[in-house]
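For reference, the structure is listed below as structure tokens.
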Amino acid sequence: MLPSWVLLLVFFFVPILLTFYFAFTNLSLTGAASASTQFVGFRNFASMFADPTFRVSVLRTLVFLIFSAIVGQQLLGLILAVLMNERNRTFRSVIGVLVLAGWVTPEIVVAFIFFAFFSDTGTLDSILHWFHIKPIAWLYTFPMVAVVIANIWHGTAFSMLVYQAALGDVPKEILESAMMDGAGRFQRLWRVTLPVIRGSVATNMVLITLQTLGLFTLIFSLTGGGPGNKTETLPIYMYQQAFADYQLGYGTAISLILLLIGIIASVVYIRTLKVEL
């Protein structure tokens, strides 16, 4: 086990410890701080919470998380899993391939696909033109909607696979008993299936929340955080501070806030769904 522990120490534990340390320093890529890094205590965090751009980024991150992950991927993945669970093998194979195609596509490619779809001369405006509807500059007028839809398309397959596996573990005897008692399809789903698979629901919500909170490539490639800062989530804001403004200590402090949001969200999910760890 020694080689494994050495690898974990070098590539996992040491970077984590350095991240916590750098968050409390003035580490920079330029200027005097780059030559002599100093411990500054909570100054990075004080500056962060005093910055209105940071507060806006937190709000936009939560909006993006709720609509693209919790509502979008979670709900759509569950619906697809339920529909595929009740259909024949051919239907499941066709839909499964179509949905999985979005998941296996790299984020940078997804960004270019949806740029072509939402751009001024893109597919969506071409379709609107056929119906004599005035074209809309989607990436300028509704940029957050564009990145939310792109992330839903890209990540829904994971939720679908999780729920497909979970639905297969629901005892058929319970569903048959509920049906004999007069429960409809929605009642069986709400009162029988979801309580049984709540552990999978919590696990899926935690995983897609952490993935969405750290999403960078898709948003940066599609909108660059703009126009203005309309799609500047915390990862984009962190990148701007750390690598555009060269304030690595400040950017590292932002990453800890991002980590804290993920931890709080995970605890809320587990407590709300009453999942036993």
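Does region 107-115 include one or more residues that are within 18 Å of residue 152 (Cβ to Cβ) and at pLDDT below 90? Looking for residues that are within 18 Å of residue 152 (Cβ to Cβ) and at pLDDT below 90, one finds none in region 107-115, hence no. Could you look through region 216-228, keep only residues that are out of contact with any Phe, Trp or Tyr (no Cβ under 8 Å at 6 or more places or on another chain) and assigned to a loop (DSSP other than H, G, I, E, B), and pick out the one that is surrounded by the fewest Cβ atoms within 10 Å (Cβ to Cβ)? Filtering region 216-228 for residues that are out of contact with any Phe, Trp or Tyr (no Cβ under 8 Å at 6 or more places or on another chain) and assigned to a loop (DSSP other than H, G, I, E, B), the one surrounded by the fewest Cβ atoms within 10 Å (Cβ to Cβ) comes out as 228.
Can you tell me which residues in region 20-52 are assigned to a helix (DSSP H, G or I), closer than 17 Å to residue 237 by Cβ and open to solvent by less than 50 Å² (accessible area, probe 1.4 Å)? Scanning region 20-52 gives 44, 45, 48. Considered as a group, the residues in region 84-105 that are touching a Ser or Thr at 6+ places or on another chain (Cβ under 9 Å) and open to solvent by less than 90 Å² (accessible area, probe 1.4 Å) include one that is nearest to residue 161 (Cα to Cα), and that residue is 99. Would you say residue 136 is outside any helix (DSSP H, G or I), aliphatic (A, V, I, L, M) and out of contact with any His (no Cβ under 6 Å at 6 or more places or on another chain)? When the stated conditions are applied, residue 136 passes them. For residue 242, are the conditions met, namely being under 19 Å from residue 29 (Cβ atoms) and either out of contact with any Pro (no Cβ under 6 Å at 6 or more places or on another chain) or surrounded by 16 or more Cβ atoms within 10 Å (Cβ to Cβ) (or both)? Yes; evaluated as a whole, the condition is true for this residue.
The values are calculated or read from the model by the stated rules, or taken from the named source; none is laboratory data. Not measured: the values here are computed from a predicted model. Note that we place each Cβ from the backbone using ideal geometry, even for glycine, and neighbour counts take in every protein chain shown. Heads up: the accessible areas ignore ligands, DNA and RNA and are worked out on the full protein's heavy atoms, side chains in. Shrake-Rupley method; radii C 1.70, N 1.55, O 1.52, S 1.80 Å.
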